[in-house]
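Values quoted throughout were computed directly from the atomic coordinates according to the rules given, and no laboratory measurement underlies them. Every value quoted in this text rests on a predicted model; they were computed, and no experiment measured them. Glycine also receives a Cβ, built like all others from the backbone with ideal geometry; neighbour counts cover every protein chain displayed.
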Amino acid sequence: MKTKNLNHASPIVLEAQRATEVKNLTYIERLERLSALIKVSYMLKNAKRIATMK
């Protein structure tokens with residue numbers, strides 16, 4: 001994947017850019033992104049909490 005620059009545009013512009021970016025991805029690239037999201041979601045779900053619960 002390409003490196004990203006921070007963009008502080010309006011949400012409508014950012015969503016349009018994201019939509020065109022996803023449309024230009026190949027099937028394998030889409031699967032890789034989905035796999036990365038699933039891995040991060042699993043790690044966050046199973047991570048130990050740092051703060052103690054009171």
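Shown in residue order for the stretch 33-49 are the 3J(HN,Hα) couplings computed by the Karplus curve 6.51 cos²θ - 1.76 cosθ + 1.60 at θ = phi - 60°: 5, 4, 4, 5, 5, 5, 5, 5, 4, 5, 5, 5, 5, 9, 6, 6, 7 Hz (x for Gly and Pro). If R0 equals 25 Å, the separation of the Cβ atoms of ALA19 and TYR42 corresponds to a calculated FRET efficiency of about 0.40.
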